[in-house]
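> My questions will all concern the structure given below.
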Amino acid sequence: MQSTSHDFIARAQKGLVDEDLQDALGRFRTGFSVKRSEAVARLPEFEALRDKAVEIKNHTLEHLDFYLERFASKVEESGGVVHWCVTPEDARQTVLDICRAHDAKTVTKSKSMIGEEIALNPFLESNDIEPIETDLGEYIVQLAGEYPSHIIAPAVHKTKDQVADLFYERHKDQGGGKRLEEVDELVDQARAMLRHRFIDADVGITGANFLVAETGTTAIVTNEGNGDLTQILPRVHIVLATLEKAVPTLDDMSTILRVLARSATGQEFSTYTTLSTGPKRPGDLDGPEAFHVILLDNGRSRMLGSEFREVLRCIKCGACMNHCPVYGSIGGHAYGWVYPGPVGAVLTPNLVGLEEAHHLPNASTFCGRCEDVCPMRIPLPGLMRRWREQEFDAGLQAPRYRLGLALWAWLVRHPTSYRLSSAVLIRALRLLGARRGRIARLPFARGWTMGRDMPAPEGGSFHAKWRRRSRA
Amino acid sequence: MSGNTTENEANGSGNGRERVLGALRSSLGREELPAAVRAELTARLSSPKSNLIPARGDGSPADQVALFTEMAEAVQASVVRVPDDADVPNAVTLYLAQNNLPSDMVMAPDAELNRYPWATRPMLNMRRGHAVDTDQVSVTGADMAFAETGTLMLTSDATRPSTLNFLPENHIVVLRAEQITGAYEEGWRRLRANGEDGAFMPRTVNLITGPSRTGDIEQRLQLGAHGPRRLHIIIVEQ
């Protein structure tokens, strides 16, 4: 996917004044986070399970070459094929080769962020193969010509009325009829529209939440059942996965599953956890005749050896963005690439480069909620801080920002000047706010005072108070 | 190390496997793991240990049936308990009547389901096989069920096609009380008994927790997104 992350600031500003988006985000801000905290409260072992999940993933990453080789050999023993791909181009070409070998015209897809990462849909379209997204949220954004704004709720930025307009417009040539008003009608219409697409598809593509080394099994976690219809109806099942999805055993997977759905949607368990091992067996009445796993690196091996290794523990639950005040204010599209929110702020510069994505690690108040709720205990604010340091070293910020920082750095290293200038500033602010006790507009911080007042200072600086207190 | 496997030639990037493994090892600051470590990790895989299992699934078989029922109902499955095999066809008939469903059904050719006296209900019109688009009601058994989250485990084979679990709008599962256990790990233990060294997995293992759902429009829960709208579980107590 083409990144627009460099345009973050303008996109964020646009998001803030988009009424439909703000309407949708208003619902979003309390939805998942409340459900998560309720689910966590119901499971006394939750924190201990997080620790164990972290330990499993750290162990796996430390021995990732071993576990991936074992996974691949087990897939092959069960009759599947593993394709090791270094770049998105490799992965796309491999998918296309498989589709062509099976003479495929249509491909059903269940939700895969890797599919977004490698921009599979436009590539297939340009090669005369029709990709059909089947997750409801993905279907909505595909119809709208957009891309997901959230990793587990792709259409969370849309209101029901927007979906109703979209369905009316895009379904009317297919016998869609009148504009529908209710959520259940819209869901039913999508179900009806996609039904024959599932049945007619030549190839089904899913992602993977886990690659189990013990058995050569790929696992997906879904709620709709589209991932299952995608893989059991067509002749070919292709799994897209990046390297860090490996886990050693089914037991290890179970531990991570116990924190995954609870962290993501606040469900005790997702509706469908589906384990797939090879193609259909002799005598089976359904299931795919061919099973392919695309194992994509795309920067993961490099990240493994970098200071960002810990982000490879990510299980893509979305909890960090569900709890992020910045994401909750601007929505996912502002971030400009596949992964929004705090994890996106760490991942995106790794995957599209710091120069393109250097704004993202700054899109955080460092309130720390993302790290608090991350089931894999990824130190997201700490990792964003590392990107900020690299951004500074690379001189990527605006000159005004760098000047401000340099001024501040000089001041805090010169106590006398600091005290003097803060005393002047306090006096000036007190004058500004003398009449009402608060300041409605600051000359150099209009953006900040646009949405709030600043209280006028009372008394002196902290330094001055401390001195008086020590003397007393 | 095996260098030239056929699958690498398919991906157009030369030897993808060696390039990826080489990059991983270079990032990990080492060569391929020494034999002793490989043996240790292989042992971890061939005799897998359970990790922490939540205590909620512990308890007597009766507790587990009760917890399973509570958890499954909490995710909008319907659950009935019948005393023995003879009551199963009645329970199916009753369910179809209550939901205004036709008596045409597709049932897994699973021999386990032959123990129920279907002939006592001649009005039930059953086809045995995999599901097709027009099927409205399917009947299957299950391998096991986990009380922890009200989850069913269904595996595929020649007599248990997976389409039955997803294509029809109504999925009826006949479960025996003794198949209900506490946690998922018991399911893996049972599967492992079917083969050695990781070669025991059926093509598809479905862990199913309630009927299909989506919250993709304004986070409003809607059942029956693409899979079954209704999941009905008949527990045979015996």
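> What cysteines in the protein assembly as shown have no other cysteine with a beta carbon less than 4.7 Å from their beta carbon?
Here A:Cys85, A:Cys99, A:Cys314, A:Cys317, A:Cys324, A:Cys367, A:Cys374 come out as lacking a disulfide-compatible partner, given the Cβ-Cβ threshold of under 4.7 Å.
> Kindly put A:His414, A:His237, A:His59 in sequence by how many other C-beta atoms sit within 10 Å of each C-beta, fewest to most.
Ascending Cβ contact count within 10 Å gives the list A:His414, A:His59, A:His237.
> Mind jotting down the distance between the C-alpha centroids of segment A:42-74 and segment B:72-95, whole Å?
Here the two parts' Cα centres lie 38 Å apart.
> Show the residues, 5+ positions off or on another chain, whose built amide H is closer than 5 Å to the amide H of A:Ile152.
For A:Ile152, no residues qualify.
> Using the Cα centre of chain A as the reference point, and only Cβ charges (+1 on K/R, -1 on D/E), how large is the resulting charge dipole? Debye, rounded to the nearest 20. Could you put the intermediate results ahead of the total?
Working: 59 positive and 61 negative charges, 793 e Å.
So the dipole magnitude of chain A works out to roughly 3800 debye.
> On to the next question. Around A:Thr271, with a cut-off of 9 angstrom between Cβ atoms, what is the net charge of the other residues, counting Lys and Arg +1 and Asp and Glu -1? Before the final figure, lay out each step's value.
Values: positive: B:Arg213; negative: A:Glu224.
So the environment of A:Thr271 carries a net charge of 0.
> Something else: Please go through segment B:172-227 and write out the GluC sites (Glu not before Pro) that DSSP classes as loop and that have at most 10 other C-beta atoms within 10 Å.
Working: sites: B:Glu178, B:Glu185, B:Glu186, B:Glu196, B:Glu218; in loops: B:Glu196, B:Glu218.
Those that pass, being in a loop and sparsely packed, are B:Glu196.
> Fewest Cβ neighbours within 10 Å first, please rank B:Val79, A:Val34, A:Val236 accordingly.
Details: B:Val79 19, A:Val34 12, A:Val236 22.
Fewest to most other Cβ atoms nearby, the residues stand as A:Val34, B:Val79, A:Val236.
> Okay, moving on. Rounded if a/c is under 1.5, else prolate if a/b is larger than b/c, else oblate: which is segment A:43-301, with a ≥ b ≥ c the root eigenvalues of its Cα gyration tensor?
On the way: a/c = 1.84, a/b = 1.31, b/c = 1.40.
Oblate.
> Here is a further query. Can you pull the percent of Cα pairs in segment A:112-188 with separation above 19 Å? Working shown, then result.
Values: 1110 of 2926 pairs.
When all Cα pairs of segment A:112-188 are counted, 38 percent exceed 19 Å.
> Could I ask something else about it? R0 = 45 Å: FRET efficiency of B:Met123 with A:Asp103, Cβ-based, nearest 0.05?
Working: r = 45 Å, r/R0 = 1.00.
It comes out at approximately 0.50.
> Report Rg (one decimal) and Dmax (nearest whole number) for the protein assembly as shown, counting Cα atoms only, units Å.
Rg and Dmax of the protein assembly as shown, Cα atoms, are 27.7, 98 Å.
> Out of all DSSP beta bridges in segment B:55-236, what portion is antiparallel? Express it as a percent rounded to 5. All intermediate terms of the calculation are to be shown ahead of the outcome.
Numbers: 10 of 34 bridges.
Taking every DSSP beta bridge with both residues in segment B:55-236, the antiparallel ones total about 30 percent.
> Something else: Evaluate peptide A:208-217: per residue, the Cβ atoms of other protein chains within 10 Å of its Cβ; return the mean as an integer. Please report the intermediate quantities before stating the final value.
On the way: counts 0, 0, 0, 0, 4, 4, 10, 12, 3, 4.
Mean inter-chain Cβ contacts per residue within 10 Å come to 4.
> Between A:Glu389 and A:Ile9, what is the label-point separation in nm under the 7 Å Cα-to-beta-carbon projection?
Those two pseudo-labels are separated by 2.5 nm.
> Output ³J(HN,Hα) for segment A:419-434: one whole-Hz value per residue in order, computed from phi by the Karplus curve 6.51 cos²θ - 1.76 cosθ + 1.60 with θ = phi - 60°, and x for Gly and Pro.
Result, rounded to whole Hz: 4, 4, 5, 5, 4, 5, 4, 4, 4, 5, 5, 5, 4, 4, x, 4.
> How would you rank B:Trp188, A:Trp410, going from fewest to most other Cβ atoms within 10 Å of each one's own Cβ? It would help to have the intermediate numbers written out before the result.
Details: B:Trp188 23, A:Trp410 11.
Final ranking by Cβ density, sparse to dense: A:Trp410, B:Trp188.
> Given the options B:Ser103, B:Ser212, B:Ser50, which has the most mean-square fluctuation in a GNM of chain B, springs set between C-alpha atoms less than 10 angstrom apart?
Checking each option, the largest mean-square fluctuation is seen for B:Ser50.
> Looking only at other chains, what is the average number of their beta-carbon atoms within 10 angstrom of each beta-carbon in B:25-35?
Working: counts 6, 4, 11, 9, 1, 2, 1, 3, 4, 0, 0.
Taking the mean over all residues of the peptide, I get 4.
> Quote the FRET efficiency, to the nearest 0.05, computed for B:Ser47 versus A:Val412 with a Förster distance R0 of 45 Å and r equal to the Cβ-Cβ distance. Present the calculation step by step, with values, prior to reporting the outcome.
Values: r = 58 Å, r/R0 = 1.30.
Once the sixth-power term is evaluated, E becomes 0.15.
> While we're here: Could you check the spin-label model distance between A:Glu146 and A:Asp188? Points 7 Å from the Cα along Cα→Cβ, value in nm.
Distance between label points: 2.5 nm.
> Another question, if that's okay. With label points built 7 Å along Cα→Cβ from the Cα atoms of A:Asp51 and A:His196, find their separation and express it in nm.
A separation of 5.7 nm, rounded to one decimal place.
> List, in order, the whole-Hz ³J(HN,Hα) value for each residue of segment A:208-222 obtained from phi through the Karplus relation with A = 6.51, B = -1.76, C = 1.60 and θ = phi - 60°; use x for Gly and Pro.
8, 8, 9, 10, 8, 5, 3, 10, x, 9, 9, 10, 10, 10, 9
> Further question on the same structure: Among the GluC sites (Glu not before Pro) in segment A:389-472, which ones are in a DSSP loop with at most 10 other Cβ atoms within 10 Å of the Cβ? Mind listing them? It would help to have the intermediate numbers written out before the result.
On the way: sites: A:Glu389, A:Glu391, A:Glu458; in loops: A:Glu458.
Here the GluC sites (Glu not before Pro) that fit, given the DSSP loop and packing criteria, are A:Glu458.
> Helix B:61-74 versus the longest principal axis of chain B: what is the Cα-based angle in degrees, 0 to 90, to the nearest 10?
90 degrees
> Among B:Gln98, B:Gln179, B:Gln76, determine the one that fluctuates most according to a GNM of chain B built with springs between C-alpha atoms less than 10 Å apart.
B:Gln98
> If you don't mind, there's one more thing I want to ask. Quick one: among B:Ala145, B:Ala131, B:Ala225, which has the greatest mean-square fluctuation in a GNM of chain B with alpha-carbon springs under 10 angstrom?
Evaluated over chain B, the most mobile residue of the options is B:Ala225.
> Separation of segment A:257-283 and segment A:330-351 by C-alpha centroid, Å?
26 Å
> Here is a follow-up. If you build the Cα gyration tensor of chain B and take the root of 5 times each eigenvalue, what three semi-axes come out, in whole angstrom, biggest first? Could the numbers behind the result be given before it?
Details: eigenvalues 332, 99, 68 Å².
Working through the eigenvalues yields semi-axes of 41, 22, 18 Å.
> Determine, from the Cβ-Cβ distance of B:Asp63 and A:His463 and an R0 of 60 Å, the FRET efficiency 1/(1 + (r/R0)^6), rounded to the nearest 0.05. Mind showing how you got there, number by number?
Working: r = 64 Å, r/R0 = 1.06.
Efficiency, rounded to the nearest 0.05: 0.40.
> Summing Lys, Arg as +1 and Asp, Glu as -1, what charge do residues with Cβ under 14 Å from the Cβ of A:His171 carry, A:His171 excluded? Show your work: numbers first, answer last.
Details: positive: A:Arg170, A:Lys172, A:Lys178, A:Arg179, A:Arg191, A:Arg195, A:Arg197; negative: A:Asp165, A:Glu169, A:Asp173, A:Glu185, A:Asp188.
Summing Lys/Arg as +1 and Asp/Glu as -1 gives +2.
> Helix-only mean residue ellipticity at 222 nm, the protein assembly as shown, DSSP H runs n ≥ 4 weighted -39,500 (n - 2.57), per residue, nearest 500. What is it? Each step should come with its number before you reach the end.
Working: 29 runs with 311 residues, N = 710.
When only DSSP H runs of four or more count, the value is -13000 deg cm²/dmol.
> Quick query: amide H of B:Asp157 versus all other amide H atoms, modeled in the peptide plane; which residues come in under 5 Å with a sequence gap of 5 or more or a different chain?
none
> Amide H of A:Arg438 versus every other amide H placed in the peptide plane: which residues, excluding those fewer than 5 positions away on the same chain, fall under 5 Å?
A:Ala456
> Work out the mean other chain Cβ neighbour count within 10 Å for the residues of B:158-169 and drop it here as an integer.
Details: counts 6, 3, 2, 6, 12, 7, 2, 5, 11, 9, 0, 1.
Mean shielding count: 5.
> How much net charge surrounds A:Pro154 when only other residues with a Cβ under 10 Å from its Cβ are counted (Lys, Arg +1; Asp, Glu -1)?
Details: positive: A:Lys111, A:Lys158; negative: A:Glu116, A:Glu133, A:Asp135, A:Glu138, A:Glu146, B:Asp216.
Cβ neighbours under 10 Å give a net charge of -4.
> If the cut-off is a Cα-Cα distance under 24 Å, which lysines reach A:Lys316, setting aside same-chain residues fewer than 8 apart in sequence?
A:Lys35, A:Lys52, A:Lys57, A:Lys109, A:Lys111, A:Lys158, A:Lys245
> Classify segment A:403-471 as rounded, prolate or oblate, taking a ≥ b ≥ c as the square roots of the eigenvalues of its Cα gyration tensor: rounded when a/c is under 1.5, otherwise prolate if a/b is larger than b/c and oblate if not. Kindly include the intermediate steps, with their values, before the conclusion.
Working: a/c = 2.65, a/b = 1.26, b/c = 2.11.
Oblate.
Read-outs: derived from the displayed coordinates by stated rules, not from any lab. All values reported here derive from a predicted model rather than from experimental measurement. Positions of Cβ are backbone-derived with ideal geometry, glycine not excepted, and every protein chain shown enters the neighbour counts.
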